Structure formats: C-alpha cells, structure tokens
C-alpha cells in the first residue's frame with residue numbers, strides 16, 4: 001500500500017516533522033505556523049485559494065507562539081462542503097516512544113508519529129482525494145479548514161467562527177472515529193472556585209476564618225448539585241447517559257497549625273445536549289455564594305476556559321444519512337469533545353468522521369493503521385462528488 005500513496009506519505013512526514021504542540025504550559029507550547037504554511041502551499045498547488053488567519057493573543061514578532069488558521073477554498077458559490085481539522089498535537093514524553101515522534105515511521109502496517117491519528121493525517125488524505133478531481137469544475141465549493149489550539153482552548157476555531165466563516169452546506173471534522181459518523185458528543189466546562197478567609201493560630205478558631213472548612217461545604221453543595229443535574233438530564237445515546245461533575249484538584253493552606261486562609265478548587269462538568277453553559281454557571285454561583293457569606297469568606301468563581309457546548313446533529317439529518325450510506329457504519333455518539341459545536345453555530349450541518357481510533361490518540365507510539373488509508377480516501381471522494389459535483 002505505501003507505494004500507492006507516495007505523496008500522501010511525503011506530506012504526512014512533512015506535517016509530523018513540524019512540531020505544533022499546544023499546551024496551557026507556556027514552556028511546552030509551540031507555534032503551529034510551519035504546519036499551516038506548509039498546508040497552505042500544498043492546497044495552493046492543488047488550485048485552492050488560501051487565506052491564513054492569525055488567532056488573537058499571538059504575535060508575529062514573537063513567532064515562537066504565533067497561532068495560525070487556514071481557510072483553503074476550491075470553487076465558489078453557495079453550499080458546498082467543509083473538511084476541517086486541527087493542526088496541533090498534545091505534549092509528549094519522548095522517552096516513552098520507541099520511534100522518533102517527529103518523523104513518520106512505517107512499521108508493521110502502521111504509520112507512527114505524533115499526530116498521525118489525531119489528526120494531521122486527515123490533511124494528506126484530503127489532498128489525495130482532491131487530486132482525483134483535478135481539471136473538473138466544482139458546482140459548489142470545497143473548503144478545507146485547518147485550526148490551531150484545539151487541544152487546549154479551541155481558540156483557532158473560535159477565531160474563525162467569530163468571523164462568520166467558513167460558510168457551506170455541510171462540515172465534516174476528521175477526528176479519529178474509525179470512519180464511523182459521529183452525530184453527538186458531550187460538552188465540557190472547567191471551573192475554579194477560590195475562597196479567601198483569614199489565617200491565624202490554630203489554637204483558637206476565633207483568630208481567623210477557615211477557607212478549607214468553607215470549601216468542605218462548597219464541595220458538599222457541588223455533589224448535591226451533581227445529583228440534581230443527573231435527575232434533571234438524561235440522554236440514552238451516550239454510554240454514560242447523564243451529566244458528570246468531577247472534583248479534579250484542591251489546594252489550600254500551608255501548615256497544620258495555621259487556620260487555612262485560602263483554598264482553591266477546580267472541577268469540570270460534562271454537559272448533555274440542552275444544558276447551557278451560562279445557565280450552569282449561574283446555578284453554581286447561586287449555590288456557592290451563600291455558603292461563602294455564611295463562613296465569612298470571599299468567593300471568586302472563574303471559568304478555566306470559556307467552555308464547549310454539547311454537540312448534536314439529528315440522526316435523520318441528510319449529512320448523517322449520507323455518511324452512514326457511504327461508510328456502511330451507523331452513526332453514534334462519543335465521549336470526547338471536538339470543534340463541532342463551533343462550526344454548527346455557523347449554520348452548517350456537521351458530523352465528526354475520520355480515520356484512526358481515538359484510543360491511539362494522546363499516547364506514546366501513536367499510529368494510523370495503513371488499512372485505514374484507502375477507505376477514508378474513497379469516502380472523501382464520494383463526499384466531494386455528492387456535495388461539490
């Protein structure tokens with residue numbers, strides 16, 4: 001098989017060899033500019049017009065952290081198809097890899113490399129599919145969207161969406177789904193609560209206001225809130241059919257013989273369709289602030305990022321039915337989040353559909369099985385014919 005796709009393997013190696021790690025830790029975070037610039041040239045060579053859009057908060061003067069997004073368009077007019085993916089990867093521990101994570105390694109019928117399945121491979125697969133239509137005039141446009149920072153803030157897709165682009169009839173995000181159409185996934189919000197009391201000598205509780213004791217009551221209230229949510233919301237299409245609230249980490253105080261003066265809690269909520277992020281935050285505030293007042297501590301509630309709503313496309317949607325027919329797989333839901341809700345807000349029917357398996361993502365020796373290559377290319381060709389020709 002490899003000999004049948006020399007250009008695909010060349011492009012995938014070029015993308016993998018250009019590191020584009022996104023991380024909340026600035027020491028690990030890198031620019032994705034080399035990847036975007038390479039993709040832009042590749043799609044220009046295929047006849048696309050290209051536009052590179054910089055995410056806010058990054059500066060070309062400090063290219064080490066510049067984050068770029070690409071819109072590549074072939075053809076014009078209303079309707080058409082968007083094929084979308086992110087260009088960043090998660091951080092890695094190189095010592096745990098048996099191959100060079102920044103070069104494509106073919107071994108035992110697998111293509112190894114950081115981002116090989118999540119999800120740099122999707123772009124060479126698009127190129128291979130598009131090459132079959134060279135010289136043909138599209139009746140409706142084909143748009144390729146490549147974004148930054150999906151693994152952290154999703155700022156790239158947010159930047160594009162805020163511009164009201166791209167516009168098409170349908171959008172497909174090529175995350176690893178084993179070529180099974182995904183029409184739903186949960187949303188996520190990550191929140192923090194800081195309580196500020198008054199430290200003092202532990203021999204007399206009256207010397208201070210214990211933030212840790214107040215947080216104990218806050219945690220109890222969040223657990224009660226979780227139970228309330230799980231009674232109010234249920235969706236059987238998910239393997240875990242109710243919303244979850246996870247208490248992730250807590251830090252407070254500095255010594256056992258001092259009244260704890262401050263305490264910090266972080267937690268997440270996995271949202272079902274129909275649960276609104278802003279409404280959830282208001283409910284949390286309404287539960288936490290009275291506790292803070294009772295304990296005479298100051299409370300600061302902050303989101304750790306803006307949040308991602310749940311994703312839902314109706315199972316009888318034309319795009320879902322078309323993808324089921326072309327892949328031979330019935331549509332399903334997944335637990336992981338994607339940029340799907342952001343594209344959906346632009347008015348496009350949207351699904352998640354790509355090669356590879358999510359259990360290969362975010363771990364050492366990430367790979368894409370070679371036998372996933374040709375089926376994905378053929379489905380992409382069929383989708384381009386259906387929506388653009």
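Using only alpha carbon pairs under 8 Å that are at least six residues apart, calculate the relative contact order of region 187-303 and give it in whole percent.
For region 187-303, the relative contact order is 43 percent.
Whole percent per 20 Å bin, from 0 to the bin with the longest distance: what is P(r) over all C-alpha pairs of the chain?
26, 51, 20, 3, 0
State the Cα centre-to-centre distance between region 187-252 and region 14-45 in whole Å.
38
Determine the gain in length on full extension of the stretch residue 65-residue 382; use 0.36 nm per residue of separation and subtract their C-alpha separation, reporting nm with one decimal.
110.3 nm is the gain from fully extending residue 65 to residue 382.
So what's region 187-303 giving for Rg/Rh, alpha carbon basis, Kirkwood Rh from the mean inverse pair distance?
Working: Rg = 16.0 Å, Rh = 15.1 Å.
My calculation of the ratio gives 1.06.
Could you tell me how many degrees, from 0 to 90 and to the nearest 10, lie between the Cα long axis of helix 373-388 and the main elongation axis, the longest principal axis, of the Cα atoms of the chain?
On a 0 to 90 degree scale, this one is about 80.
Could you grab the relative contact order for region 76-206? Cα pairs under 8 Å, six or more apart, rounded to a whole percent. Before the final figure, lay out each step's value.
Numbers: 139 pairs, mean separation 51.0, N = 131.
Once normalised by length, the contact order is 39 percent.
Considering the convex hull of the alpha carbon atoms of region 255-388, report its projected area averaged over all viewing directions, in nm², one decimal.
13.1
Determine the distance separating the Cα centre of region 112-168 from the Cα centre of region 337-362; give it in Å without decimals.
Between the Cα centre of region 112-168 and that of region 337-362, the gap is 11 Å.
Over the chain, calculate the relative contact order: mean separation of alpha carbon pairs under 8 Å at least 6 apart, over the residue count, as a percent.
23
If you bin every alpha carbon distance in region 10-84 into 10 Å steps from zero, what whole percent lands in each bin?
The percentages, shortest bin first, are 17, 44, 29, 9, 0.
Out of 203, 217, 330, any idea which swings most in a Gaussian network model of the chain, alpha carbons joined below 10 Å?
It is 203.
So what are the three principal axis dimensions of region 59-138 from its Cα atoms, in whole Å, longest to shortest?
Over region 59-138, Cα extents along the principal axes are 49, 42, 18 Å.
GNM, the chain, Cα, under 10 Å: largest mean-square fluctuation among 141, 34, 256?
The residue that fluctuates most here is 256.
Rule-based calculations on the coordinates, nothing more; no lab input. Worth saying up front: this structure is predicted, and the values here are computed from it rather than measured.
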